[in-house]
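Here the structure is laid out as structure tokens; the discussion comes afterwards.
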Amino acid sequence: MEQDIQIIFRSQKENSSKITQMSVKERMERVMRIDSYLKNEKNLSRLHEALYNDLRKPEVEVIATEVGIVQAQINHLKKNLHKWNRDHRVATPLPLLGTRSYIRYEPKGVVLILSPWNFPLNLSLVPLVYALAAGNTIILKPSEISSHTSAYLKKMISELFRWDEVAVVEGDVSVATRLLEMPFDHIFFTGSPRVGKIVMGKAADHLSSVTLELGGKSPAIIDETANIPQITRRLAWAKSVNCGQTCVTPDYVIIHESKKREFIEEFRSAITELYNRYGSGTENSPDYCRIISKYHFMRLNSLYKDALEKGASLITGGNFEEEDLFISPTLLDGISEEMDIMQEEIFGPLLPVITYNERLEVSDIISKNPNPLMLYIASSKKKNIKFFMDGNPAGGTVINDYMLGYSNPNLPFGGVSNSGIGKSLGFHCFMEFSNKRSVIHRRWGSLGMIYPPYNSHVLWLVKTLYKWM
């Protein structure tokens, strides 16, 4: 495998200059190969099977959270790539009269994409199509945990591209470690802050630029003015989709004390409506996913037991079936900051509930963890929304809904500090895979009047010029 990685990397490096010079039309032709592949019913059927085997993912979620998002980003590229790839003129200050200035977006070269297991198609192909559109060669290392989808990706990419253009390398942590020893021009990683630090450290050895899409504890604030029946149903779905294994899912609820009882009742009702309408149990719902592996199941079980041992109480849910990797949507009360469940991202269907009475309490609770990827605010009061926004930095914010932060390609997606570096989606993702070259083109005139020999007149000219800068 080590030899294969070196051969692939060298081949892509040698081919990079040729790929760099491709026209926008040629780049989009490559992107559209992926679009056509995913629209083929036979290929789509195999993908459904792979994602079902990995996560028990229902067909609707395959389309809504995997394939549909990739195709939406490709459509956005089709509409905008020509515009993005043009030289972008910028203003020229008076002392540079006779020149014109512009920014040229150029490919970075050979890029590495390390994708996670929770949305294994979406979070592999979205950065990949933008890296292609920017004119790079690419090595994709999908997660070995979602092994069926990783195999699907390898087959797809090998059918669509030469390996000196795009290649999929499968394997465990040792393969990822070997890849990170190569001098990539850019690394795009999606995963946990813990692993993100390792990736950043390895990238520093070669001064490779990085995009880190991480996670963290995204709070869901619900104030005293929120529409509880409406917002609770939305939150119950957001916490349950993909069995809570989503970086943008609400990690814990901070709710006004006066709304807690109504919230609990509505949450129970929403889960029943969504996953147990006919009384056969959430575990028998064809619409509810499973935990990805036994390791992750045991991690979540440990968080749950630790919370109960330290004084938390179960509100609803709490069903764990190890053999089936099933965990029901679970609400926990009596939460304190020393519990493990408040010290790390949950990444599962467990939802701690914390109450507050005064707005300042909310910021005190959130500040005990690093800045989150998403901040959710449920309120009908503008002053409260502004207060919560101003006092709590986050990568993104959604007001009166959930899970929408990754849905608009016109908005940058990404974290801040511990929850991520760099942004993705739309033009922002295109820029991540591009070198922003600055160009100043002299068309007439010069700065010869300030060349040596220096005298009082030259000094006066220099002072005057810089007044106009």
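The values are calculated or read from the model by the stated rules, or taken from the named source; none is laboratory data. None of these values were measured; they are calculated from a predicted model. Neighbour counts are summed over all protein chains in view; Cβ atoms, including those assigned to glycine, are modelled from backbone coordinates with ideal geometry.
Listing for the model above:
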{"item": "Qualifying residues in region 283-297 (those that are outside any loop (DSSP other than H, G, I, E, B) and in contact (Cβ under 8 Å) with a residue 12 or more places away in the chain) - the one surrounded by the most Cβ atoms within 10 Å (Cβ to Cβ)", "result": "PHE297"}
{"item": "Any hit, region 363-377, residues being among the β-branched types (Val, Ile, Thr), crowded, with 16+ Cβ neighbours inside 10 Å and free of Cβ contacts under 8 Å to residues at least 40 places away in the same chain", "result": "no"}
{"item": "Residue list for region 192-222, restricted to those being crowded, with 17+ Cβ neighbours inside 10 Å, among the aliphatic types (A, V, I, L, M), within 19 Å of the chain's Cα centre (by Cα) and more than 20 Å from LYS423 (Cβ to Cβ)", "result": "ALA220"}
{"item": "Every residue from region 20-58 that is surrounded by 15 or more Cβ atoms within 10 Å (Cβ to Cβ), among the acidic types (Asp, Glu) and either over 26 Å from VAL241 (Cα atoms) or without any contact (Cβ under 8 Å) to a residue 40 or more places away in the chain (or both)", "result": "ASP35"}
{"item": "Of residues in region 382-403 being surrounded by fewer than 18 Cβ atoms within 10 Å (Cβ to Cβ) and of a type in the set (A, V, I, L, M), the one nearest to the chain's Cα centre (by Cα)", "result": "ILE399"}
{"item": "Lone qualifier among VAL67, VAL110 - being surrounded by 15 or more Cβ atoms within 10 Å (Cβ to Cβ), touching a strand residue (DSSP E or B) at 6+ places or on another chain (Cβ under 6 Å) and of a type outside the set (S, T, N, Q)", "result": "VAL110"}
{"item": "Wholly within region 17-115, helices (runs of 4 or more DSSP H) carrying at least 1 residues that are assigned by TED's automatic domain parsing to the domain that holds VAL210, over 28 Å from ARG442 (Cα atoms) and in contact with a Phe, Trp or Tyr (Cβ under 6 Å, 6 or more places away or on another chain)", "result": "41-55"}
{"item": "Residue check, GLU345 at pLDDT 95 or above, assigned by TED's automatic domain parsing to the domain that holds THR246 and buried (at least 16 other Cβ atoms within 10 Å of the Cβ)", "result": "yes"}
{"item": "Neighbours by Cβ (under 9 Å, 6+ apart or cross-chain): first from region 256-281, assigned by TED's automatic domain parsing to the domain that holds LEU360; second among the aromatic types (Phe, Trp, Tyr) and part of a loop (DSSP other than H, G, I, E, B)", "result": "LEU274/TYR288; TYR275/TYR288"}
